[in-house]
Structure formats: C-alpha cells, structure tokens
Protein chains: 2
Amino acid sequence: MKLSQRGEYALRALLVLGMNHGSGVVRIRDIAQQQNIPRRFLEQILNDLKSAGFVLSKRGVAGGYRLQRAPGEISLADIIRHLEGPLAPVGCVSVNYYQRCSCPDEGKCAIRSVMQEVRDAIVGVLEGVSVAHLCDRVCDLQGPLENPLDYII
Amino acid sequence: MKLSQRGEYALRALLVLGMNHGSGVVRIRDIAQQQNIPRRFLEQILNDLKSAGFVLSKRGVAGGYRLQRAPGEISLADIIRHLEGPLAPVGCVSVNYYQRCSCPDEGKCAIRSVMQEVRDAIVGVLEGVSVAHLCDRVCDLQGPLENPLDYII
DNA sequence: TAGAATCCCGACCTATTTAGTCAAGTATCG
DNA sequence: CGATACTTGACTAAATAGGTCGGGATTCTA
C-alpha cells in the first residue's frame, strides 16, 4: 500500500478543503501554493476527485473547489481506494478489488492468510479515519492557535 | 505496501525451502514447477535472496537451495523489506528507509500521524510472522496429511 | 458585453519500475 | 569427461509514475 505522490497530494488537498469546509470554495492555485504541489498536476488530481464524487467545483472568477460530502463522511480508505486501487497487499485478499491468484487453493494458502491479516490491519486504520478526523488531528497536533489561517497542513 | 509478483514468488519459494528445511537442498526447477513460477525469473530472485543472506546454494549435480538461517529466525518483515523496500506507506514514517517529506513540520502533520498508525499495523503483523510460522500455518490449514509431500503451498 | 479569472479536458512526455528472457560461464558429481 | 545445477550480467517490452501543455468552457464584474 505504498502511497504515490499523487495519492499524498490528494489527501493534502482534501485536508485543506476539509479545514475550509463551510466557508465557500478554495482555488486550485491556493491549495497548490500552500501545499507546494505542482499546479497542473493538482488540477488533474482534483478533476479526478471530482468525477469520483469527493469534491464539487465552481467555475469562473470566484471559482474553486469544496468537499461534496461532509468531512465526517469521507474516509481515507475511500479516498485511497479510488486513487490507488486495492488497499490489500495482494489481490486475492482484497474485498473491493478481488483477484484470484495462482494458488491451487486459496482457502489453504498460508501466505494469503498472513496477507489477510495485513489487509485487515491497514483497512482497520484507514476506515476509521475521516477527513473530519484529520482536521481534528491538525488542531490537536498544533495546539490552540489564534488564527485558523495559521494552521499548517 | 503492494506486494510485487517478485515479492510473492520470493515468499512462496522461501516457504517451500522452509517446509524442506533440514532435508538438504531443493532445486530451482522443483520450486518453479511446484509453485508455477517462471524458472528464469525464479533464478534471479533466489540469487537475490542469496546475496541478502536468506538462503544458501549448492552448485552441481545434486545442487539446489536451502535456508541459511533457521525458519524461525526469518520474519516476513525482513524478507519483504529486502525485496520491496519500506513497509511504510510513506517515506516519512519509515523506520528503516526514512525519507523526509515536504511538510513544514513532520511532528505536526496530521496525515503523517495516520500513516504512522498504518505502518505500525503492517509491521506489527509482518514482524510477528516467521517462515516457521508460515510452515505451521500450512499444516494447520491443510489438516493432518499422511505424506508431507502432499502439502500444497 | 468584453475581458479576466477559473475550472475542464485530453494529449503528450520522460524516467523508472516490473516482469521477465537469454546466453554463456562455473562448479560439482559420478 | 559430461551431465546437471547454479551464476552472472545484459537485454527487452509493457506498465506506471509524475508531471507538462494548449486550448476550450464558464462565470463574475466592470
């Protein structure tokens, strides 16, 4: 479950949108600058997140992006699954992207049984964390600041 | 931590060697046939495992491979780390392959703190399972068979 | 209603990784 | 000696990663 650069950028962007949820849209350019992400690349990523239903966009002069669903309704597992495919280390233990492997009998494959545990461990963490949780962590980690804009994501 | 084909082949090969530990060497060809792994590719992999100190080889007519250390001393974490690099989903939470990321302050990065948990979850499973454990699982999963050679790995 | 700001879309590019293949060489046993 | 195995290094095709780019479509505002 190596997270690609693309995936990390997506998480960071969604976290920015989460922190700004309720206060209108955020421009690509601002996210790119704040998070030091190549702007064109981020466009591509946000577009992808849009067609996947994670974010909404508004065009034109005062345009930008915002979360489509409430931050609490978006789990990291969902996001990463969409961007990177299976969370499981091997296809034969993936629930959402199952792919049979070449074992003669999956039910009796020792390696598979370990990978099953790995998958469960990964999913256990990522299903349990939403964008809202991420936002909470930002506040917890940085302590009480005066200005919300001071938060470093 | 997506396991590559190469990585999966390596685990399967080591499991075969684990099951045959103590009874001499096993030929590449036999492993390849039994596990349905391309023979040439497996050669490459075993060679790699050899220079990493996981296995020993014997050349010539009655040649083949065997584990270098006891099966109980080889954890899946070690194997996978050697073959695939970091177990952590991002470099900035990897203990063995740490790499700084572009966050302004890692200690206060919310995404990092989640990835830390993911890493710990993965490592927790893989450090706890050795080749010997894998062999045990093979037996557990397949029930008591008459002939050890009947075990399907 | 023009023009600036912003997102939208698809094509394109380069480097790296993945999954192998292959030929020729070296050691070992009988 | 000769058959059998491992050894070594080069090679290749396809996929993926990480971007870049040009131009089009909307929307706001003066």
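The values are calculated or read from the model by the stated rules, or taken from the named source; none is laboratory data. Predicted model, so just to flag it, every value in this text is computed and none were measured. When we count neighbours, we look across all protein chains shown, and the Cβ atoms used for this are built from the backbone with ideal geometry, even at glycine. For the accessible areas, the whole protein counts, side chains as well, though only heavy atoms, and no ligand, DNA or RNA atoms are used. Shrake-Rupley method; radii C 1.70, N 1.55, O 1.52, S 1.80 Å.
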Using the Cα centre of the protein assembly as shown as the reference point, and only Cβ charges (+1 on K/R, -1 on D/E), how large is the resulting charge dipole? Debye, rounded to the nearest 20. 1200
Select from B:103, B:92, B:139 the residue whose mean-square fluctuation is largest in a Gaussian network model of chain B (Cα-Cα springs shorter than 10 Å). B:103
Could you compute how much accessible surface residue B:90 exposes when probed at 1.4 Å, giving the result in Å² to the nearest 10? 10
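So, with a 1.4 angstrom probe, what is the percent of accessible area on the protein assembly as shown that is carbon and sulfur?
Details: 6950 of 14600 Å².
Carbon plus sulfur share of accessible area: 48 percent.
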Under a 5 Å amide H to amide H cut-off, with H placed in plane at 1.01 Å, what residues pair with residue B:94 once short-range neighbours are removed? B:99
Do any cysteines in chain B lack another Cys Cβ under 4.7 Å, and if so which? B:135, B:139
Please compute the Kirkwood hydrodynamic radius of the protein assembly as shown from all pairs of different C-alpha atoms, in Å with one decimal. 21.4
As a test question: what accessible area, to the nearest 10 Å², does residue A:117 have when a 1.4 Å probe is rolled over all protein chains in place? 80
Could you state how much accessible area residue B:101 has, in square angstrom rounded to the nearest 10, with a 1.4 Å probe and all protein chains kept in place? 30
GNM on chain A, Cα springs under 10 Å; top mean-square fluctuation among A:27, A:69, A:59 goes to A:59
Accessible surface buried once B binds A (1.4 Å probe; total of both sides; Å²): 3500
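I need to check one value: relative contact order of segment B:86-128, counting alpha carbon pairs closer than 8 Å and at least 6 residues apart, in percent. Could the numbers behind the result be given before it?
On the way: 36 pairs, mean separation 17.8, N = 43.
Worked out over segment B:86-128, it gives 41 percent.
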At 0.692 mPa s and 37 °C, plugging the Kirkwood radius over alpha-carbon pairs of segment A:1-123 into Stokes-Einstein gives what diffusion coefficient in µm²/s? 205
Relative contact order of chain A, defined on C-alpha pairs under 8 angstrom at six or more residues apart (%): 25
When chain B is treated as a GNM, springs tying every alpha-carbon pair under 10 Å, which of B:100, B:12, B:119 comes out with the largest mean-square fluctuation? B:100
Spherically averaged projected area of segment B:86-128 from its Cα convex hull (nm²): 2.7
